[in-house]
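All of the numbers you see were taken from the coordinates with simple rules; none came from a lab. The structure displayed is predicted, hence computed values, not measured ones. Quick reminder, even Gly has a Cβ in these numbers, built from the backbone with ideal geometry, and neighbours come from all protein chains shown.
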Amino acid sequence: MLRLLAASLCLRCQRVPPLPFSLRPCVTLSSAENPLTVDALYNLSVDIQKVRKLKGWVLHQSPSYTREVAELLRDLGASGPVIARILAAHPEAVLCDPEQMRAQRELWTSVCPSQRELVGIIEKFPASFFTSSSDHRNQRDNIAYFRSLSLNKRIVAKLMAGAPQSFGRPVEQNDQMVRTLQRAYLELGGDEANMRVWLQKLLSQNPFVLLKPPEALRRNLLFLRDRGFGAAELLRLLSRLRGFVTELNPDAMRRTLAYSRDALGCSEAELRDVVLRCPALLYYPESILAERFDCLHGAGISTAQIAQTPTVLELTPQIVSHRIQRLKARGYDARTGSLEVLNGTKKDFEMSFGKLQLRGERPLFNPVAPLRGDD
């Protein structure tokens, strides 16, 4: 759930219509497509229609370096289909100056264990690789900084890929948040010997935490402490929320906690226990929680069941309804059984669902199995 939240945080920013490539002042925009770019992309089997539909402005610019980009990717070991997918997803790459691309290759190979892994990163995060040349100095400085924290190269590469903005800014800004996280970890009772591993795990799971103001972390931890959470509980929340506590604010948490307490009919102490078992509860506004409570109650689920398994509130009403119907078809009544079987990702649910089929049931009919005749 939190991985899905991390993705949704990036989408909150309002989309801006694509503008001519501003990283190189010498680029020019023409009313007609650049035939050299179009022909080169065709020769690489790139889906031109997809490019025209999503980022057609790229095809109108000159100069472009399509062949040079393809050659660089090929030298890294990328296959033809992989190159085509990268350029279809991020055609802006063809506007990057070859010298800039070589500099990027040097930077990334300094932290990637292999060229194969680098190709995988570029395919998944092309915009992180094909970035502004003005960021190279900050990128080098930030790589050196994170390596000085004893973070392994693979984690540094993951940070560069997932949150490239944090590597394009001065080291001092990242250092402020890292120091704030380290200080909070120690003040809440964390073991200094384990701090490097804890920080490495948190940053790898949520690199966007680096882009948040340190004051947000301190303010939210103070609010939760005032609500009765002890130091060990706050450290547990900080670890389980993977730094997403910086996305919260006291006013929103106050409203969410008040609604949850009323909906569950519980005390403050019981509410803290619910939050510790389902930290994501802190994120949802009252309208979302009301919709999910109504869905569960409509399916015959009691408030006591929800309080016992609060992580079921992480599921959308559509998912809950679908899973309850599937369980009902197998003879499982969620109104009287545990809600744990509803929880988790689609893969988790399918595993639980499969285990239910094995409990005291006759084997399902296999339509391709040979039928036994009478003796």
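Ranking Leu73, Pro98, Gly56 by Cα position along the charge dipole of the stretch 21-129, where only Lys, Arg, Asp and Glu carry charges on their C-beta atoms, puts Gly56 farthest toward the positive end. Based on the alpha-carbon gyration tensor of the chain and its eigenvalue square roots a ≥ b ≥ c, which shape applies: rounded if a/c is under 1.5, prolate if not and a/b is larger than b/c, or oblate? It comes out oblate by the Cα gyration axes. Calculated [222 nm] ellipticity per residue, helices only, for the chain: -17500 deg cm²/dmol; basis is -39500 (n - 2.57) per DSSP H run with n ≥ 4, divided by all residues, nearest 500. Between the listed residues Leu221, Leu186, Phe208, the Cα displaced farthest toward the positive end of the dipole of the stretch 140-231, a dipole computed from Cβ unit charges relative to the Cα centre, is found at Phe208. A Förster distance of 45 Å, applied to the separation of the beta-carbon atoms of Arg277 and Lys153, puts the FRET efficiency at 0.80.
Shown is the FRET efficiency for Glu99 and Ala329, computed with R0 = 56 Å from the Cβ-Cβ distance and rounded to the nearest 0.05: 0.35.
With contacts taken as Cα pairs under 8 Å at a separation of at least 6 residues, the chain carries a relative contact order of 9 percent. Highest mean packing comes first when the peptides 326-334, 175-183, 92-100 are listed by Cβ atoms within 10 Å, giving 92-100, 175-183, 326-334.
Basic side chains Lys and Arg get +1 at the Cβ, acidic Asp and Glu get -1 at the Cβ, and with that the dipole of the stretch 170-268 about its Cα centre reaches some 160 debye. Between 0 and 90 degrees, the angle of helix 250-264 with respect to the longest Cα principal axis of the chain falls at about 30 degrees.
Here the dipole of the stretch 21-129 is about 300 debye; that uses its Cα centre as origin and unit charges on the Cβ of Lys and Arg (positive) and Asp and Glu (negative). Could you give the angle, 0 to 90 degrees to the nearest 10, between helix 136-148's Cα long axis and the longest principal axis of the Cα atoms of the chain? Helix 136-148 sits roughly 40 degrees off the main axis of the chain.
Taking the C-alpha atoms only, the angle from helix 80-89 to the longest principal axis of the chain is near 80 degrees.
Once C-alpha pairs closer than 8 Å and six or more residues apart are averaged by separation and normalised to the residue number of the stretch 219-317, the relative contact order reads 27 percent. When the square roots of the Cα gyration tensor eigenvalues are ordered a ≥ b ≥ c, the ratio a/c for the stretch 243-291 is 1.5 or more and a/b does not exceed b/c, which makes its shape oblate. Computed extension gain for Thr336 through Met351, at 0.36 nm per residue and net of the alpha carbon distance, reaches 3.4 nm. Net charge dipole, the chain: roughly 220 debye, given to the nearest 20, about the Cα centre with Cβ charges of +1 for Lys and Arg and -1 for Asp and Glu. Classification of the stretch 169-291 by its C-alpha gyration tensor yields a prolate form. The axis ratio a/c (a ≥ b ≥ c) is 1.5 or more, and a/b outweighs b/c.
Among the listed pairs Lys124/Lys346; Lys212/Lys346; Lys50/Lys346; Lys124/Lys212; Lys158/Lys212; Lys153/Lys347, those with a Cα-Cα distance over 20 Å are Lys124/Lys346; Lys212/Lys346; Lys50/Lys346; Lys124/Lys212; Lys153/Lys347. By the count of neighbouring beta-carbon atoms within 10 Å, fewest first, Leu72, Leu342, Leu186 end up ordered Leu186, Leu72, Leu342. For the stretch 21-129, the relative contact order works out to 27 percent when only alpha carbon pairs closer than 8 Å and six or more residues apart are counted.
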